[in-house]
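Take a look at the structure set out below.
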Amino acid sequence: MKYSFFWGVNALVFILSLSINAQNTKSSQPNVIIIMADDMGYGDPKCYNPESKIPTPNMDALSEQGVLFTDAHTASSVCTPSRYALLTGRYAWRSRLKKKVSWSGYDDPLIHKDETTLADIFQKAGYNTGVVGKWHLGMNFSRKIDIDFVKPKTHHEKGAKGTRDVDFSTAIHNGPNYLGFDYAFLSAAGHNMEPFCYIENDYTVGIPNIWRKTKDTLHPDVSAVEVHEGWMVKGWDSRKVGPDLTSKAINFIENSVAKNPEKPFFLYLPTVSPHRPCTPPDFIKGKSEAGERGDMVAEFDWTVGQIMKTLDHLNIDENTILIVTSDNGATKTSDDGKTYEHKSCGNLRGFKGGTFEGGHRVPLIVRWPSRIQGGQKNDNLVCLLDFYNTFSELLLIEPETKGGEDSYNILPTLLEQKAVRQSLVMQSSTGQFAIRDTKWKLIFQRNTPTALFNLEEDPFEEKNLLELEPDNIERLTELLNTTKWQ
């Protein structure tokens, strides 16, 4: 576990006092909620981009009540490795996943039992833990024909070659309930991948017995972009997924408080919006001026608002840490191929999947009213995998197995605007790397440096300094190699 030497004495005393109080009085422990969008870019919320064509009143309000981070990143520019990093505090390239993503809900679990997850940390600290939303980290379904687990496809294959030999009547193994979550209500891999059903704890909700074809819209004028073929439960409607997940998340919060008001809870809420297919519900459709993708961002903002209202109604907002962010950068266009003159990643270069800033620099807003003054802007470098060691330190929980190797405790950054993280490794969907150290960023292709940027002077990566800074190239290359092999 990494410890920062950048702490001030006051910050250290404050953090230790919080931890001691948390041990002595459970009610003093903050509830924690992480709401993570799927492909929301730096330019989507108006609090990041005043010219955004999408109304985001709830995120805008949240930014005035908490801290808005301007230099927050995911560890990868695509979803599966980004989610792995958040929950384990480890770069995903330390796992078996060296590039790309999982291609269905049937993939073997990427997180193994020998890894301590963020949920494990909270569970060991006495929290009620729940996950509601898109999992996309694998779980084991049984086969009908043989006594074995389903063998998933290993490539995208344009959504074809769905898996037919699945026994949905038996328990699912090695999902979130095996990894520190007391409760789970999930879409296994999002609303574009098989199977098309909800999973509550270790069982599907209903039996998927309808074969959905690739890009089958199901309903007139509803997008099916990137939809894979596979088993679907009767009555499945992609337009209802966002509201359904929001409702389940609210139920988890309300039930946690009702059952034991003195016991804190941790909720991980990874939404399916605004990932394709962009299928906003009727009460959201047309809210934005950025097409159906813009409407899906508006749906995400609505979800944030519903959670905020719930916390206020239950009178627990003061001591609840509410985190709103995204798993990676945005796509450039809506499902119809149009941009609607909306800059989903703002003025950053690049989009989802790449190593330019638009692929991995994401919105991050953190609110904790009882401890953090609202209306702050924080320009320090942070990564979503830092929440692992941040909460481990706050709760004084040491991981019992692997976990947190690449995570930093950013409480000094959050509480006192002090820099903790200086460097960061980023990875593209194809497995290419970039290394950041303070203001310098070096991008590689096939282990060869191809671009060097001074982000302090050139935040939009317009001037490649590769031919002008040989010493920085050598230093950053060595730093990347040292990090990869440490």
Open item on the list: Report the gain in length on full extension from Glu416 to Glu456: 0.36 nm times residue separation, minus Cα-Cα distance, nm rounded to one decimal.
Closed with: 12.2 nm
Open item on the list: What percentages make up the Cα-Cα pair-distance distribution of the stretch 432-486 when the bins are 10 Å wide from 0?
Closed with: 26, 59, 14, 1
Task: trypsin sites (Lys or Arg not before Pro) within the stretch 389-486: DSSP coil, no more than 10 neighbouring Cβ in 10 Å - done: Arg446
Open item on the list: Can you classify the stretch 170-211 as rounded, prolate or oblate using the Cα gyration tensor, where a ≥ b ≥ c are the square roots of its eigenvalues, rounded means a/c under 1.5, and otherwise it's prolate if a/b beats b/c and oblate if not?
Closed with: prolate
- [ ] Report, in whole Å, the centroid distance computed from the Cα atoms of the stretch 110-133 and the stretch 453-486.
- [x] 35
Task: Selection from Thr333, Gln306, Tyr84, by position along the positive dipole direction of the chain (Cβ) - done: Tyr84
Open item on the list: In the stretch 432-486, if the dipole is taken from +1 on Lys/Arg beta carbons and -1 on Asp/Glu beta carbons about the Cα centre, which of Asn472, Gln486, Thr448 is farthest to the positive end?
Closed with: Gln486
TODO: State to the nearest 20 debye the size of the charge dipole of the chain about its Cα centre, where the only charges are +1 on K and R beta carbons and -1 on D and E beta carbons.
DONE: 780
Open item on the list: Loop only by DSSP, 10 or fewer other Cβ within 10 Å of the Cβ. Give me the trypsin sites (Lys or Arg not before Pro) in the stretch 49-112 that pass, ordered by residue number.
Closed with: Arg96
- [ ] Determine the shape class of the stretch 338-406: with a ≥ b ≥ c the square roots of the Cα gyration tensor eigenvalues, call it rounded for a/c under 1.5, and otherwise prolate if a/b is greater than b/c, oblate otherwise.
- [x] oblate
Open item on the list: Suppose each label sits 7 Å from its Cα in the direction of the beta carbon; what would the Lys113-Leu465 distance come out to in nanometres?
Closed with: 5.0
- [ ] Between Arg349 and Lys309, with labels modelled 7 Å along Cα→Cβ, what's the label distance in nm to one decimal, could you check?
- [x] 4.3
TODO: Using a/c under 1.5 as the rounded threshold, could you call the stretch 275-407 rounded, prolate or oblate? The axes a ≥ b ≥ c are square roots of the C-alpha gyration tensor eigenvalues, and prolate needs a/b larger than b/c, oblate otherwise.
DONE: oblate
Task: Gain upon complete extension [Lys402, Asn201; 0.36 nm per residue less C-alpha separation] - done: 69.9 nm
Task: Of Lys234/Lys402; Lys100/Lys309; Lys161/Lys441; Lys213/Lys332, those spanning more than 30 Å from alpha-carbon to alpha-carbon - done: Lys234/Lys402; Lys100/Lys309; Lys161/Lys441
Open item on the list: With Kirkwood's inverse mean 1/r over C-alpha pairs for Rh, give me the Rg to Rh ratio of the stretch 9-421, two decimals please.
Closed with: 0.94
Task: Rg ratio (alpha-carbon, reference 2.2 N^0.38 Å) - the stretch 44-94 - done: 1.44
- [ ] Order by neighbour count: Phe252, Phe69, Phe149, fewest other Cβ atoms within 10 Å first, most last.
- [x] Phe149, Phe252, Phe69
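Bear in mind these aren't lab numbers, they're just calculated from the coordinates by the rules spelled out. Values in this document were obtained by computation on a predicted structure and should not be read as measured data. With ideal geometry, Cβ positions are generated from the backbone for all residues, glycine too; neighbour counts draw on all protein chains shown.
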